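Report on the structure given below.
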């Protein structure tokens, strides 16, 4: 992971780091996450990462959801 980049994929954040959701590049993932409140402009925080790195738990819209790392890779975020 490059610490100097401001725009990352969600999969690049470490536990406790936050970002603002930007673009979700896969339509199937976009629709799935839309139902769970993951929309552009929403703040997101990585809460937990499984021991093997997959899945991850994220805090978004006041609740925690778990997503696979493959889904996290297609979520563009701006690190805050």
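Which residues, taken from segment 26-54, are part of a loop (DSSP other than H, G, I, E, B) and more than 16 Å from residue 80 (Cα to Cα)?
The answer is 26, 36, 37, 38, 39, 50, 51, 52, 53, 54.
The residue pairs whose first member lies in segment 26-44 and is touching a residue at least 12 places away in the same chain (Cβ under 8 Å), whose second member is part of a loop (DSSP other than H, G, I, E, B), and whose beta carbons are closer than 6 Å, counting only pairs six or more residues apart or on different chains, are 26/74; 29/74; 37/61.
Condition check ((1) surrounded by 17 or more Cβ atoms within 10 Å (Cβ to Cβ); (2) over 9 Å from the mean Cα position of the chain (by Cα); (3) farther than 15 Å from residue 15 by Cα) across all residues:
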site	(1), (2), (3)
39	no, yes, yes
47	no, yes, no
52	no, yes, no
65	yes, yes, no
71	yes, no, yes
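Could you check residue 9 against (1) in contact with a helix residue (DSSP H, G or I) (Cβ under 7 Å, 6 or more places away or on another chain); (2) farther than 16 Å from residue 80 by Cβ; (3) crowded, with 16+ Cβ neighbours inside 10 Å and say which number it fails? Tallying (1) in contact with a helix residue (DSSP H, G or I) (Cβ under 7 Å, 6 or more places away or on another chain); (2) farther than 16 Å from residue 80 by Cβ; (3) crowded, with 16+ Cβ neighbours inside 10 Å, residue 9 fails exactly one: (2). The conditions of being outside any strand (DSSP E or B), loosely packed, with under 15 Cβ neighbours inside 10 Å and touching a residue at least 12 places away in the same chain (Cβ under 8 Å) are not met by residue 23.
Rule-based calculations on the coordinates, nothing more; no lab input. Note that the structure is predicted; figures quoted are calculated from it, not measured. In this analysis, Cβ positions are derived from the backbone assuming ideal geometry, glycine residues included, and neighbour counts consider all displayed protein chains.
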